[in-house]
Amino acid sequence: MNILLVGAGLSGAVIGRKLAEAGHKCRIIDSRDHVGGNCHTERDPETNVMLHVYGPHIFHTDDQEVWDYVNSFAEFMPYRNRVKTTAQGKVFSLPINLHTINQFFDKTFRPDEAKAFIEEQGDAGIEDPKSFEEQALRFVGPDLYEAFFRGYTEKQWGCSPTELPASILKRLPVRFNYDDNYFFHKYQGMPRDGYTAMIEAILDHPGITVELGTPYNSDMADKFDHVFWSGPLDGYFEYEHGRLGYRTLDFKRFNYEGDYQGCAVMNYGDRDVPYTRVTEHKHFSPWEEHEGSVCYEEYSRAAGPDDIPYYPIRLVDEQAMLNMYIEKAEGISGVTFVGRLGTYRYLDMDVTIREALDAARYFLGCVTEGKPTAAFVPS
């Protein structure tokens, strides 16, 4: 079969590779001039630092198959994401851990003492938190909420935490030990040569043709047996029912001779600091040595029509519009919607790869059995 995959990011590359290995001809197009989507990495010509061009991506997963898959296309180096935050004139570790609690409250708690103390800080009167703010106040109390969550969340999402669902803060964001590893997954690392090199290796198959700088137009679909769409869900339908909400990021780059902040990520929780964080990219490759440094201030705002969408907002007000697009997608044939943009969900890289592997297998199974494929791969 002749397959068109729109988007040369993780979803398109992984699905294309699986289908090409099964004997299908895959054409992958992308409107940008590089593969990798928002995971794209490149060497800075001035400092030779590996840059995460669209913001940092740290690979972390408990999925053994996904970990084995990425390691078959790239050498992954050990990496632990240790995030710091500047708030109220001090620097703390994130996520909130025993060191953060003791430093913030000027205490020397043991784990059990800290747990009891934080429980006392929480608002037990909020029995069923509905909003992000209620969730935070219920579990960490007003002081930690104000220092570490309120300002950062307002800047990141562009609205009051009272307007965000409690599900964004899924669990108690506190550790009662001194573990400052931001993630808790079994496998964590970075590809030695960057994500773009890894994705280029995935795409390196005789059954795959990649065309960059090539926007999709609806006439293309007629020339193929099936289309995998990893662009914006509403974009496929030319925004017929309006635009779904996304946040985008603006980056202010600056160079520094030496070590600017001593860590890869420094968050800024205070509301009077306009950016959400500063990333120093040489610290994402700690096995390398660079005298020069490249840093980015990150500013979050609502995505406009010409912006790169990063994070789906998924506010309650958008649910009706989203449902209309889902219904419209399910009413057509020959197209499968995949990835963060195609399914309008926030997905980490490992989940994106997992779903891409599952989508390819699902499609191949439908072809073998002569069954029609669904617009969204059944979970």
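Yes or no, residue by residue, for (1) in a strand (DSSP E or B); (2) surrounded by 19 or more Cβ atoms within 10 Å (Cβ to Cβ); (3) aromatic (Phe, Trp, Tyr):
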residue: LEU19; (1), (2), (3): no, yes, no
residue: ALA74; (1), (2), (3): no, yes, no
residue: SER93; (1), (2), (3): yes, yes, no
residue: HIS99; (1), (2), (3): no, no, no
Checklist outcome for this item: Reported set for the stretch 342-379 where residues are in a helix (DSSP H, G or I) and basic (Lys, Arg) is ARG354, ARG361
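Determine whether the stretch 245-256 contains at least one residue that is without any contact (Cβ under 8 Å) to a residue 40 or more places away in the chain, among the hydroxyl-bearing types (Ser, Thr, Tyr) and surrounded by 13 or more Cβ atoms within 10 Å (Cβ to Cβ). Before you say what the answer is, go through the steps one by one.
Initial filter on the stretch 245-256 (without any contact (Cβ under 8 Å) to a residue 40 or more places away in the chain): 256.
From what is left, the residues that are among the hydroxyl-bearing types (Ser, Thr, Tyr) are 256.
If we keep only those that are surrounded by 13 or more Cβ atoms within 10 Å (Cβ to Cβ) too, we end up with 256.
Scanning the stretch 245-256, I find at least one residue that is without any contact (Cβ under 8 Å) to a residue 40 or more places away in the chain, among the hydroxyl-bearing types (Ser, Thr, Tyr) and surrounded by 13 or more Cβ atoms within 10 Å (Cβ to Cβ), so the answer is yes.
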Next on the checklist: Kindly evaluate THR61 against the criterion of being at pLDDT below 95, among the β-branched types (Val, Ile, Thr) and out of contact with any Leu (no Cβ under 6 Å at 6 or more places or on another chain).
Outcome noted: no
Checklist outcome for this item: Going through the stretch 116-173 in order, the residues found to be surrounded by 22 or more Cβ atoms within 10 Å (Cβ to Cβ), assigned to a loop (DSSP other than H, G, I, E, B) and under 22 Å from the mean Cα position of the chain (by Cα) are LEU164, LEU169
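When you scan the stretch 211-268, how many residues do you find that are acidic (Asp, Glu) and in contact with an Asp or Glu (Cβ under 9 Å, 6 or more places away or on another chain)?
Residues in the stretch 211-268 being acidic (Asp, Glu) and in contact with an Asp or Glu (Cβ under 9 Å, 6 or more places away or on another chain): 6 in total.
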Checklist entry - Hey, which of the strands (runs of 3 or more DSSP E) in the stretch 213-268, taking only ones fully inside, have at least 1 residues that are in the same structural domain as PHE363 (by TED's automatic domain parsing)? => result 226-229
Item to check | Residues located in the stretch 321-368, provided they are touching a Pro at 6+ places or on another chain (Cβ under 8 Å) and surrounded by fewer than 20 Cβ atoms within 10 Å (Cβ to Cβ) | outcome: SER333, ARG345, TYR346, TYR362, CYS366
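The values are calculated or read from the model by the stated rules, or taken from the named source; none is laboratory data. Everything quoted here is computed from the prediction, not taken from an experiment. Don't worry about glycine lacking a Cβ; one is built from the backbone with ideal geometry, like all the others, and counts go over all protein chains shown.
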